[in-house]
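The values are calculated or read from the model by the stated rules, or taken from the named source; none is laboratory data. Everything quoted here is computed from the prediction, not taken from an experiment. Cβ placement follows ideal geometry from the backbone for every residue including glycine, while neighbour counts extend to all protein chains displayed.
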């Protein structure tokens, strides 16, 4: 068993964290003789924060240990989103039954309810049965009505990140990543996806639907989507596109930053997901709706590459988590240019 909880969890405010855990233990009536003796397990795969599972015994010895999650915010994440907005979203989503409850906050992190479910693996995303459950859950997630600004955020957020990346980057990296041209690419892409004859559906989007942010209760097959740091209103096609892009990653490998684009889902797999997504509303989807969403999603993969490419550049300068952010960015931008040539050939030939 791990010893010394406050040495293992790098909290910027150990006294606040200690008070939260003591309050929770008193509230739950569990057995804690010494907080330092609690079991602490670091959770792998996080790239923005550090996450730890904390467990301790209950008075009723026949019950499994009480568990919760301690999330320590990564350095520099305030460049990506407003933490207070994210907490409000977290609490709102939890109240509507879509995620874990917030149990406490301390300087530099928070304590969350532990969900007794299994986090998906990279291979789970390819399982047709699990993929269908995820598609259905995502449709429900997109329908959450979050109070406040419900305009599309993706384009302005990326423009802001371009400026931040330029401020942080060395001249060498700025030239290597072509940062002086990225805003033009964002403008072009926004114009292209909005220059359609149909009305795009806007929904509350997760924007980071990788396998580590999806959990399944194997007794009930219930899917829970967690971690809403990047969540905002966006075209639902963008959220699905980002999910497809995440299928090329394995963040629990020895080289978590390496992406294998041979694993990007083929048309049949993408069609199956989109059919399940649309059918979850209770009506058989029309073929033209399936085809339109398939086309929209492919174009929005370009936005996903730019989004996470910029994220990687900034993270490489501000985040101390052991992850090769800059190499990750290189792969995302490389894929952007490759896929732009395929998906937007007119613009590619007029670069």
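With respect to residue 41, determine if the residue is more than 30 Å from residue 309 (Cβ to Cβ), modelled with pLDDT of 85 or more and touching a strand residue (DSSP E or B) at 6+ places or on another chain (Cβ under 7 Å).
When the stated conditions are applied, residue 41 passes them.
Could you name every one of the helices (runs of 4 or more DSSP H) located completely within region 268-351 that has at least 1 residues being within 15 Å of residue 165 (Cα to Cα)? Explain how you work it out, then say what you get.
On the way: elements: 287-318, 325-343, 345-348.
Answer list for region 268-351: 287-318, 325-343.
Residues that are more than 24 Å from the chain's Cα centre (by Cα) and touching a residue at least 40 places away in the same chain (Cβ under 8 Å) do occur in region 198-209, at least one of them.
Matching residues to (1) assigned by TED's automatic domain parsing to the domain that holds residue 264; (2) closer than 12 Å to residue 228 by Cβ:
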{"site": "85", "(1), (2)": "no, yes"}
{"site": "95", "(1), (2)": "no, no"}
{"site": "109", "(1), (2)": "no, no"}
{"site": "128", "(1), (2)": "yes, no"}
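In this structure, residue 234 does satisfy being modelled with pLDDT of 90 or more, within 22 Å of residue 335 (Cβ to Cβ) and assigned to a strand (DSSP E or B).
Taking the stated definitions as given, is residue 180 crowded, with 22+ Cβ neighbours inside 10 Å, in contact with a helix residue (DSSP H, G or I) (Cβ under 9 Å, 6 or more places away or on another chain) and in the same structural domain as residue 309 (by TED's automatic domain parsing)?
On the way: crowded, with 22+ Cβ neighbours inside 10 Å: no; in contact with a helix residue (DSSP H, G or I) (Cβ under 9 Å, 6 or more places away or on another chain): yes; in the same structural domain as residue 309 (by TED's automatic domain parsing): yes.
Here the answer is no, as residue 180 does not meet what is asked.
Can you pull out every residue in region 204-215 that is part of a strand (DSSP E or B) and surrounded by 21 or more Cβ atoms within 10 Å (Cβ to Cβ)?
Here is the first cut: in region 204-215, the ones part of a strand (DSSP E or B) are 204-205, 214-215.
Passing the criteria: 204, 205, 214.
Only one of the numbered conditions (1) crowded, with 19+ Cβ neighbours inside 10 Å; (2) in contact (Cβ under 8 Å) with a residue 24 or more places away in the chain; (3) closer than 19 Å to residue 253 by Cβ is violated by residue 311, and that is (3).
Checking residue 243 against (1) assigned to a helix (DSSP H, G or I); (2) under 21 Å from residue 316 (Cα atoms); (3) in contact (Cβ under 8 Å) with a residue 40 or more places away in the chain, which test does it fail? Condition (2) is where residue 243 drops out.
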